[in-house]
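Readers should treat all values here as calculations from the given coordinates under stated rules, not as data from a laboratory. From a predicted model like this one, the values you see are computed outputs, not experimental measurements. Every residue, glycine among them, receives a Cβ derived from its backbone with ideal geometry; neighbour counts consider all protein chains shown.
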Amino acid sequence: MGDYGFEVKTVQNPLEAHGTALEFRPHVITLDLRMPHLSGWEVADILRRDKDLKRIPVIIVTGKGEAHDKEIAKYLFKVNDYITKPFDVEELVKRIQFSLVRKDTLQRQEKDFFATLSVIGSLAEELKIKNESLERQISLREETVVSVMKALTIALDAKDSYTAGHAERVSEISLMIGRAMGLAEDQLRRLERGAMLHDIGKLIIDVSYISKP
C-alpha cells in the first residue's frame, strides 16, 4: 500500500489494535474477521465505542463473503465497507479513497450544520431580546392607557357628582356579561375600556344640559 502513497501501520495481535489506533490515529482502518484472541467484529465494536476513534472509517477485508456478514458489518458495527478475499489491490485503494472522501464530506457537512445551528441560536437570542423589549414597550403603553382612562373617569366624576362611579359600575357589569358570554381576554379588555369611556362626551358638554333636576 506504500506504493499508493499510504503510510501503513500493521498490528498482528488484535488485542493491540485499540491502543495502536489511539496512538497512530489512522485515517482508515482495515480489519480481517478471523483473527486470534479477538474477532474483527469485536475489534470493530471496541473502535466504535471509543469517542476518539468512532468516526474513523473501518473496512472489513475477509474471506467470509456471506450476505448476512455484510449486513451485520453495515448495520450492527457501522462498518464503512466490506471487501471479500481474494481482491484486487487497486480495488482496495479505490475503496479507501472513497471512504476518505466520504469522511471529509461528512465532516464538512457536520461543521456546516453546527455553524448553521450557531447562527440560528444567535438569531433566536436576538429575536428573544427584541421580543422582550417589545413586550416591555407594550406593557408601558398599556399602563399609560390605563392611567389616562382613570384620569378621564376621575374628571367625569368631578364634573357630575350625581353620576360619580357610574363608569366603574358600567365597566364591572359589562365584564360580568362578557365573561358569561365566554369572551376572550383581549375582548374583555376592550369591553372594559369601552364601558369606562362610554360617557367621555360629557367632558365637553355643559353639565347643566345633562344633569337631572
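With everything on Cα atoms, drop me the angle between helix 185-196 and the longest principal axis of the chain, reported from 0 to 90° to the nearest 10. With both axes taken from Cα atoms, the answer is about 20 degrees. 3J(HN,Hα) along the stretch 41-46, derived from phi through the Karplus expression 6.51 cos²θ - 1.76 cosθ + 1.60 where θ = phi - 60°, amounts to 4, 5, 5, 4, 5, 4 Hz, with x in place of Gly and Pro.
First measure r as the distance between the Cβ atoms of residue 203 and residue 120, then evaluate 1/(1 + (r/R0)^6) with R0 = 45 Å and state the FRET efficiency to the nearest 0.05. Don't skip to the end; give the middle numbers.
Working: r = 53 Å, r/R0 = 1.17.
Efficiency for this residue pair is about 0.30.
Rg then Dmax, both in Å and based on the Cα atoms of the stretch 19-71: 11.4, 34. Rounded to the nearest 20 debye, the dipole magnitude of the chain is 220 debye, with +1 charges on Lys and Arg beta carbons, -1 on Asp and Glu beta carbons, and the Cα centre as origin.
As a calculated quantity, the FRET efficiency between residue 71 and residue 10 at R0 = 30 Å, using C-beta atoms, amounts to about 0.60. Checked against a 21 Å cut-off, the cross-linked pairs 51/85; 9/94; 51/103; 9/64; 51/94 give Cα-Cα distances beyond that limit for 51/85; 9/64; 51/94. Between residue 83 and 60, 61, 62, the built amide H atoms are under 5 Å apart, and every one of these is 5 or more places off in sequence or on another chain. Measuring nothing but how far apart in sequence close Cα pairs (under 8 Å, 6+ apart) lie, relative to its length, the stretch 24-166 scores a relative contact order of 17 percent. The label point for residue 34 and the one for residue 186, both projected 7 Å from the Cα toward the Cβ, are 7.5 nm apart. Between helix 166-181 and the chain there is an angle of about 40 degrees, using the helix long axis and the longest principal axis of the Cα atoms.
Report the percentage of all Cα-Cα pairs in the stretch 113-178 whose separation exceeds 15 Å, rounded to a whole percent.
Values: 1525 of 2145 pairs.
Here the tail beyond 15 Å accounts for 71 percent of pairs.
The simple spin-label model puts a point 7 Å past each Cα toward its Cβ; for residue 137 and residue 176 those points are separated by 4.0 nm. For the stretch 91-102, putting each phi into the Karplus relation 6.51 cos²θ - 1.76 cosθ + 1.60 with θ = phi - 60° gives couplings of 5, 4, 4, 4, 5, 5, 4, 4, 4, 5, 4, 5 Hz, in residue order, rounded to whole numbers and with x for Gly and Pro.
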